[in-house]
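Novice: The structure under discussion is supplied below as structure tokens; questions concerning it will follow.
The values are calculated or read from the model by the stated rules, or taken from the named source; none is laboratory data. Since the model is a prediction, treat every value here as computed from it, not as a measurement. With ideal geometry, Cβ positions are generated from the backbone for all residues, glycine too; neighbour counts draw on all protein chains shown.
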């Protein structure tokens with residue numbers, strides 16, 4: 001069972017990487033793609049560095065596929081079978097390979113986590129998930145090596161410092177990641193986003209104390225290329241069809257079983273329901289993500305594709321329509337109230353990545369989901385500057401802070417009162433609207 | 001994780017699971033050996049056969065070192081929401097779940113490869 005799941009997921013992920021590589025060469029040709037790929041390695045890679053805007057579709061797709069293949073290689077070497085969490089990790093790495101992760105900036109982080117495992121006398125596979133998601137700090141390596149290097153620092157020392165910073169941050173990731181889990185008790189799916197944001201705060205403060213001013217990088221691709229528009233809806237439909245093929249007439253029953261899960265970390269839908277229904281759910285979440293992009297009038301570019309790929313991945317590990325839609329609605333309501341354009345980069349990325357807070361809606365109800373989405377939108381518009389945009393999972397950071405706040409309040413209510421916070425929220429909203437009507 | 005911490009976390013998660021149903025009686029017994037330990041948890045709540053099967057399935061789930069090494073840190077610690085027996089299942093060696101005295105008895109065994117299971121009378125699987 002586990003072996004056949006492993007084989008199916010491995011082949012599926014390799015197929016998706018192959019689609020990206022073949023598309024890259026068809027769109028831009030071999031040599032321009034490869035040249036652009038080399039130049040991407042020298043990019044500072046901080047948010048928002050849309051590699052499609054920087055070097056073109058071919059190079060960005062090729063970089064994403066190579067980064068994802070490295071992730072797959074690390075999983076295979078560590079001897080872990082493919083499952084919901086590794087499926088989510090590879091698709092997240094693939095997605096962020098379009099706007100921040102490069103082979104050059106992720107390798108020092110893997111090495112740092114490997115060293116931590118050695119020192120703790122644990123097998124690397126026990127820290128594998130932390131290593132894979134921890135590559136969110138890749139821009140810390142690239143920033144020191146290629147943004148400070150050659151301007152503030154001589155090139156060679158900058159390269160060593162960048163790699164060293166990557167190894168150190170990888171080394172401290174396991175300890176910090178496990179502590180961060182306790183802050184939100186598993187209600188923020190992108191826990192490493194919170195972890196990397198926390199580490200990023202300290203790292204960025206060193207540079208700010210040294211009088212370095214972080215300026216935001218404005219690389220955001222604004223054209224509508226058919227490949228960018230159609231690739232993820234096609235992959236999503238493919239996942240849904242594979243799911244239906246695997247589960248046959250049990251697909252609906254198993255998919256409904258997924259909707260009943262709160263989605264709190266760690267919820268592997270392949271284990272809790274079935275491989276087929278997990279893939280179907282992942283594809284459906286991908287379609288919902290694409291529709292959100294379409295209806296808000298946003299562009300399908302590197303960061304947006306990265307966001308959709310991430311939620312597709314987490315469609316096997318915590319995200320499903322029942323727990324995600326209330327949070328997405330909360331973000332949209334907040335954006336409308338604050339007059340933020342729905343197709344602006346910050347808002348569309350928040351609509352996609354806010355699903356990190358799905359478990360709050362899944363466990364405590366729709367009203368809690370709406371509130372979480374609302375607060376998330378407010379927070380995520382501020383947090384990027386706190387860590388100098390070196391943590392790629394900025395939404396995971398903001399989501400973690402939001403979840404920590406709400407979980408602390410819910411815990412207090414639970415321990416000290418008989419009030420159900422979700423029911424109380426519902427009552428308050430009803431009272432507000434009934435007063436307005438009068 | 002130190003052995004003492006591990007035991008505390010396992011007891012925490014199991015107690016959370018049992019106490020969710022507000023039993024009148026809960027007994028936890030620990031027996032330690034050099035290379036492993038046995039934890040028995042008894043309650044007096046009524047459990048259906050499906051419930052017992054689900055508990056046994058969760059506790060004997062496939063070993064997942066990549067999840068146990070990271071998310072296992074939440075075992076018996078983060079108790080807001082439902083109790084999660086699969087978190088335990090990834091970390092223990094074997095579990096038995098039986099109905100007894102109007103309630104349930106859960107036996108958990110932990111240990112390394114050198115763990116002398118016979119000291120704890122792990123029932124042999126029927127051929």
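Novice: For region B:15-55, name all the residues that are touching a helix residue (DSSP H, G or I) at 6+ places or on another chain (Cβ under 7 Å) and in a helix (DSSP H, G or I).
Specialist: If the condition is that a residue be touching a helix residue (DSSP H, G or I) at 6+ places or on another chain (Cβ under 7 Å) and in a helix (DSSP H, G or I), then B:17, B:55 are the ones that fit.
Novice: Any residue in region A:157-178 that's farther than 15 Å from residue A:114 by Cβ: show its pairings with residues that are outside any helix (DSSP H, G or I) at Cβ separation under 6 Å, as long as the two are six or more apart or on different chains.
Specialist: Close Cβ pairs satisfying both conditions: A:158/A:149.
Novice: Another question about this same structure. Enumerate the helices (runs of 4 or more DSSP H) found wholly within region A:18-136, keeping only those where 2 or more residues are more than 14 Å from chain B (Cβ to nearest Cβ).
Specialist: On the way: elements: A:30-41, A:51-55, A:57-78, A:84-96, A:103-119, A:128-134.
Result: A:30-41, A:51-55, A:57-78, A:84-96, A:103-119.
Novice: Does residue A:88 qualify as being surrounded by fewer than 24 Cβ atoms within 10 Å (Cβ to Cβ) and under 21 Å from the mean Cα position of the chain (by Cα)?
Specialist: Considered against the rule, which asks whether it is surrounded by fewer than 24 Cβ atoms within 10 Å (Cβ to Cβ) and under 21 Å from the mean Cα position of the chain (by Cα), residue A:88 comes out as no.
Novice: Might you let me know whether region A:385-394 holds any residue that is at pLDDT 95 or above and in a helix (DSSP H, G or I)?
Specialist: yes
Novice: Does residue A:371 meet the test of being under 25 Å from residue A:228 (Cα atoms) and either away from chain B (no Cβ under 14 Å) or in a loop (DSSP other than H, G, I, E, B) (or both)?
Specialist: Working: under 25 Å from residue A:228 (Cα atoms): no; either away from chain B (no Cβ under 14 Å) or in a loop (DSSP other than H, G, I, E, B) (or both): yes.
No; evaluated as a whole, the condition is false for this residue.
Novice: Does region B:43-60 hold any residues that are under 15 Å from residue B:92 (Cα atoms) and away from every other protein chain (no Cβ under 14 Å), and which are they?
Specialist: Matches in region B:43-60: B:55, B:56.
Novice: Checking the conditions here, which among A:133, A:143, A:124, A:114 is surrounded by 24 or more Cβ atoms within 10 Å (Cβ to Cβ) and closer than 21 Å to residue A:180 by Cα? If you could, list the steps in order and put the result at the bottom.
Specialist: On the way: A:143 fails: closer than 21 Å to residue A:180 by Cα; A:124 fails: surrounded by 24 or more Cβ atoms within 10 Å (Cβ to Cβ); A:114 fails: surrounded by 24 or more Cβ atoms within 10 Å (Cβ to Cβ).
Just one listed residue meets the conditions, A:133.
Novice: Within region A:173-180, does at least one residue satisfy the condition of being in a helix (DSSP H, G or I), out of contact with any helix residue (DSSP H, G or I) (no Cβ under 8 Å at 6 or more places or on another chain) and within 14 Å of chain B (Cβ to nearest Cβ)?
Specialist: Looking through region A:173-180, at least one residue is in a helix (DSSP H, G or I), out of contact with any helix residue (DSSP H, G or I) (no Cβ under 8 Å at 6 or more places or on another chain) and within 14 Å of chain B (Cβ to nearest Cβ).
Novice: Go through (1) surrounded by fewer than 24 Cβ atoms within 10 Å (Cβ to Cβ); (2) closer than 30 Å to residue B:88 by Cα; (3) modelled with pLDDT of 95 or more one by one and return the number of the condition residue A:296 breaks.
Specialist: That leaves (2) as the condition not met.
Novice: For residue A:318, are the conditions met, namely being out of contact with any strand residue (DSSP E or B) (no Cβ under 7 Å at 6 or more places or on another chain) and on the phi > 0 side of the Ramachandran plot?
Specialist: Judged against the criteria, residue A:318 is a match.
Novice: Going through region B:74-89 one residue at a time, which ones are touching a residue at least 12 places away in the same chain (Cβ under 8 Å) and either facing another protein chain (nearest Cβ under 9 Å) or closer than 19 Å to residue A:407 by Cβ (or both)?
Specialist: Initially, region B:74-89 is screened for residues touching a residue at least 12 places away in the same chain (Cβ under 8 Å), giving B:74-77, B:79, B:82-89.
Once the filter is applied, which keeps residues that are touching a residue at least 12 places away in the same chain (Cβ under 8 Å) and either facing another protein chain (nearest Cβ under 9 Å) or closer than 19 Å to residue A:407 by Cβ (or both), region B:74-89 yields B:74, B:75, B:76, B:77, B:79, B:82, B:83, B:84, B:86, B:87.
Novice: Okay, next question. Test of understanding: among A:186, A:197, A:164, which residue is more than 14 Å from chain B (Cβ to nearest Cβ) and buried (at least 24 other Cβ atoms within 10 Å of the Cβ)?
Specialist: When all the criteria are applied, what remains is A:197.
Novice: A follow-up question, please. Among the residues that make up region A:248-267, is at least one of them under 23 Å from residue A:306 (Cβ atoms), surrounded by fewer than 21 Cβ atoms within 10 Å (Cβ to Cβ) and at pLDDT 95 or above?
Specialist: No, region A:248-267 contains no residue that is under 23 Å from residue A:306 (Cβ atoms), surrounded by fewer than 21 Cβ atoms within 10 Å (Cβ to Cβ) and at pLDDT 95 or above.
Novice: Here is a further query. Determine, yes or no, whether residue B:40 is modelled with pLDDT under 90, within 13 Å of the chain's Cα centre (by Cα) and either within 14 Å of chain A (Cβ to nearest Cβ) or surrounded by fewer than 20 Cβ atoms within 10 Å (Cβ to Cβ) (or both).
Specialist: No.
Novice: While we're here: So which of B:99, B:63 ends up being more than 8 Å from chain A (Cβ to nearest Cβ) and in a strand (DSSP E or B)?
Specialist: Just a single option satisfies the conditions, and that option is B:99.
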